[in-house]
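Below is one structure, written out as structure tokens; comments come after it.
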Amino acid sequence: MSAPPWLEEEPWLRRLLGWFLDRLERPRTQAITRRVKKTTVPELFRFSEDTRYRWQLVERLAREYRVFSIQYDSRLDPFQERYENAQLRLDPSCEALLRDWLDRPRVDPRRRAWQNALSGHEAHFQDGGAALLDAQPALAGESPEDMVGHFVLAANLLDSDLTLRELSARCFRGDSKFLDGRQDLLARLFGERAQCLRPRPLLLTAWAPAGFDRLLIVENQDSFLRLVEQAPAGHALLYSGGFRASAQRLTSPHTRFAFLPGSDGADFQARWLSNTLPAFFWGDLDFAGLGILAALRHSLPQLTAWRPGYEPMLLALEDGQGHGAEQAGKGRQNDPGNTGCPYADQQLLPALRDHQRFLDQEGFLPVLSSPRTPL
């Protein structure tokens, strides 16, 4: 329904309708009403002007457009205007109509709260806080004012040589992981200053005997330690811990290694940085494990699936062994498609798709030809 043509000519009436919209945007438990008094609608009490016409317009809004109902005060004396102390009761179903008439699209109350919280703090953010307004990051029990305060504190600590986890713990109620995955938000808020954060090293455990000439990355801890005890000849071993999310940082200069006893750490570091070692991966025979292989190949393109580990698992799978996705909570695993490793793409993944069962590597010890291996 289009706005009455006379509404544009009566700014006082637009203000009255705007007052009702303001109340609609606030939390409420009761009906929205307004008493007609000199203090609330003064235009109806300027008797040198056409107040009777103005009241007729109010009555038309009630009668023809049903924006509100009117309840008159029966206690008035004959010398008072009929509308004095009348109560206007808004019909909430008319909200969309009023917004259209007044060109006031609905504002999300939470967005408005964030706008209010950011007021006066815009200078702390490169984008004036627009990224916070869009993302509205939340911590349980924290108001938008609290959250803006946390990010203001982060702005002040950006140059303090902190890692992302340290910054998060200091600024967000001791929660070191709150900023995980929010680097894009920080970049929008702080621009190049976000790069002042100290890169968080990836800490890896390795065993690197003297004279090794190839690298085997193992997904799970038990299998890694078992192989350290019964190592394949010529292999250095690296425990991945399933770090698919960190695969892109694997060959970063910030990567740090903890070496098990008997390792030649200096030789390993030199060979690691050259990134020329033949490299293999052994993990669970499931979609997640082969997804780790695919992710690691972004940093180590020479990486392939380790046949001595996977071949006995593949034979067991084809022999009817293995568990279903629901049994082991693997229902959300995604098929990686192609890993780029021919053995994985042509044999391991097709077998998983055909059998729809999986095997964890801890149930297997690879048969090795190493003289150190009493298998």
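Among residues of the stretch 253-264 that are of a type in the set (S, T, N, Q), those with a beta-carbon under 8 Å from a residue that is assigned to a loop (DSSP other than H, G, I, E, B) and surrounded by 11 or more Cβ atoms within 10 Å (Cβ to Cβ) at least six positions away or on a different chain give the pairs Thr255/Pro201; Thr255/Leu202; Ser263/Ala208; Ser263/Pro209.
Can you tell me which residue within the stretch 165-194, out of those that are hydrophobic (A, V, I, L, M, F, W, C) and touching an Asp or Glu at 6+ places or on another chain (Cβ under 7 Å), is nearest to Trp114 (Cα to Cα)? Break it down into steps so the answer makes sense when it comes.
Taking the stretch 165-194 and keeping what is hydrophobic (A, V, I, L, M, F, W, C), we get 167, 169, 171-172, 178-179, 185-187, 189-190, 194.
Then keep just the ones that are touching an Asp or Glu at 6+ places or on another chain (Cβ under 7 Å); that gives 169, 189.
Working: Ala169: 23, Leu189: 15 Å.
My answer is Leu189.
Residue count for the stretch 154-207 under the criterion of being on the phi > 0 side of the Ramachandran plot and of a type outside the set (Asp, Glu): the result is 4. For the stretch 354-366, a tally of residues being part of a helix (DSSP H, G or I) and within 26 Å of Arg226 (Cα to Cα) returns 3. Contact annotation: residue pairs with Cβ atoms under 9 Å, 6 or more positions apart or on different chains, pairing a residue in the stretch 338-353 that is assigned to a helix (DSSP H, G or I) with a partner that is open to solvent by 80 Å² or more (accessible area, probe 1.4 Å), are Tyr343/Arg307; Ala344/Asn338; Asp345/Asn338; Leu349/Asn338; Ala351/Glu318.
Is there a residue being open to solvent by less than 50 Å² (accessible area, probe 1.4 Å) and within 19 Å of Ser2 (Cβ to Cβ) anywhere in the stretch 67-81? Before the answer, list the steps.
Residues of the stretch 67-81 that are open to solvent by less than 50 Å² (accessible area, probe 1.4 Å), as a first pass: 67-68, 70, 73, 76.
Next cut, within 19 Å of Ser2 (Cβ to Cβ) only: 67-68.
Yes; the residues of the stretch 67-81 include at least one that is open to solvent by less than 50 Å² (accessible area, probe 1.4 Å) and within 19 Å of Ser2 (Cβ to Cβ).
Looking at the stretch 33-45, which of its residues are farther than 20 Å from Glu8 by Cβ and either over 51 Å from the mean Cα position of the chain (by Cα) or open to solvent by 60 Å² or more (accessible area, probe 1.4 Å) (or both)?
Hits for the stretch 33-45 are Arg35, Lys37, Lys38, Thr39, Phe45.
Among the residues of the stretch 295-333, the ones that are part of a loop (DSSP other than H, G, I, E, B), modelled with pLDDT under 95, open to solvent by less than 30 Å² (accessible area, probe 1.4 Å) and within 25 Å of Arg214 (Cβ to Cβ) come to 3 in all.
For the stretch 304-325, the count of residues that are more than 20 Å from Leu225 (Cα to Cα) and touching a Cys at 6+ places or on another chain (Cβ under 8 Å) is at least one. Against the list (1) under 24 Å from Arg111 (Cβ atoms); (2) small (Gly, Ala, Ser); (3) touching a helix residue (DSSP H, G or I) at 6+ places or on another chain (Cβ under 8 Å), the condition Gly181 fails is (3).
Hey, which of the helices (runs of 4 or more DSSP H) in the stretch 97-192, taking only ones fully inside, have at least 3 residues that are within 27 Å of Asp22 (Cα to Cα)?
Details: elements: 109-118, 130-135, 144-157, 164-171, 183-190.
Counting at least 3 such residues, we get 109-118, 130-135, 144-157.
Under the condition of being within 42 Å of the chain's Cα centre (by Cα) and part of a loop (DSSP other than H, G, I, E, B), which residue from the stretch 4-32 is nearest to Trp101 (Cα to Cα)? Once the filter is applied, the top-ranked residue is Glu25.
Please verify whether the stretch 133-151 includes one or more residues that are crowded, with 19+ Cβ neighbours inside 10 Å, out of contact with any His (no Cβ under 6 Å at 6 or more places or on another chain) and either within 21 Å of Leu202 (Cα to Cα) or touching a residue at least 40 places away in the same chain (Cβ under 8 Å) (or both). Within the stretch 133-151 (the criterion being crowded, with 19+ Cβ neighbours inside 10 Å, out of contact with any His (no Cβ under 6 Å at 6 or more places or on another chain) and either within 21 Å of Leu202 (Cα to Cα) or touching a residue at least 40 places away in the same chain (Cβ under 8 Å) (or both)), the answer is no, since none of the residues qualifies.
The values are calculated or read from the model by the stated rules, or taken from the named source; none is laboratory data. Keep in mind the model is a prediction, meaning the values are calculated, not measured. Cβ: placed from backbone, ideal geometry, glycine included. Neighbour counts: every protein chain shown. Each accessible area value is taken on the protein alone, full model and side chains, heavy atoms only, with ligands, DNA and RNA left out. Shrake-Rupley method; radii C 1.70, N 1.55, O 1.52, S 1.80 Å.
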